[in-house]
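To start, the structure under review is shown below, and the notes come after it.
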């Protein structure tokens, strides 16, 4: 299950402090190791050009709202590096599943001194934050095609997605959906329900493993009807629980 943490953008690893060096005024930078993140996914940042040994405040915002921030410090060479985590409900608006997040690295020494030019006081950057979900119908007919979807699987971006039919812990059948997008890990695919499946109840899962479940996956309960039965799934919920 996804592990919850009580603080938004809790610091996991921060830069090691070193004695301050002579003041410099290069233009700071702030970069992220990925273009898109989701809940509890490590978000690794690096930066250069800050006051050596000086305080650096990172601030996170979405349009019109400050959503978090924390304090770190530059090393002897003016660099910063660390990892942060965030919860989706703290980052995203209630009516939003995905948003651009703006992050700035603010050099407190230069800001307090009013250093010029102003662009030497901070660095700006941007990334996308997304919820992650899975969708599938609740009823299946062997030989027919159905649509399944993974949304916001940023933690597995670029990996192959599989749709599994399980009985208990046993994978009875596994169908390749396709590769998740390289940014936020999206995929919509139409799969053919394996003809070998017998009618009955199954646990259905979207996973990045062909057999067995990946660390993070979505699942739901569903039924396989007899071959040749009508394929309508009217009234069946498509949302899948997260595991």
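The fraction of all Cα pairs in segment 10-130 landing in successive 5 Å bins from 0 to the largest distance is 2, 12, 23, 23, 17, 12, 7, 3, 1, 0, given as whole percents. Secondary structure note: in segment 133-242, about 95% of the DSSP beta bridges are antiparallel. Contact order, relative form, for segment 10-130: 34 percent (alpha carbon pairs under 8 Å, 6 or more residues apart, mean separation divided by residue count). By the beta-carbon count within 10 Å of each Cβ, the least crowded to most crowded order of 107, 112, fewest first, is 112, 107.
Its relative contact order, with pairs defined as Cα atoms under 8 Å and 6+ residues apart, puts segment 133-242 at 37 percent.
A straight chain from residue 201 to residue 183 at 0.36 nm per residue would run longer than the Cα-Cα distance by 3.0 nm. Taking other C-beta atoms within 10 angstrom as a stand-in for reagent exposure, 156, 214, 207, 96 fall in the order 96, 214, 156, 207, fewest first.
Counting only helical runs of four or more DSSP H residues, what would the 222 nm mean residue ellipticity of the chain come to if each run contributes -39,500 (n - 2.57) and the total is spread over all its residues?
Values: 2 runs with 10 residues, N = 243.
After summing the helix terms and dividing by residue count, I get -1000 deg cm²/dmol.
Measuring nothing but how far apart in sequence close Cα pairs (under 8 Å, 6+ apart) lie, relative to its length, the chain scores a relative contact order of 18 percent. For the chain, report the translational diffusion coefficient in µm²/s to the nearest whole number, using Stokes-Einstein at 10 °C, 1.306 mPa s, and a Kirkwood Rh over Cα pairs. Once the numbers are plugged in, D ends up at 78 µm²/s.
Throughout, read-outs are computed from the coordinates displayed, never taken from laboratory work. Just so it is clear, the structure is predicted and the values come from calculations on it, not from any experiment. Cβ coordinates were reconstructed from backbone atoms using ideal geometry, including for glycine residues, and neighbour counts include every protein chain displayed.
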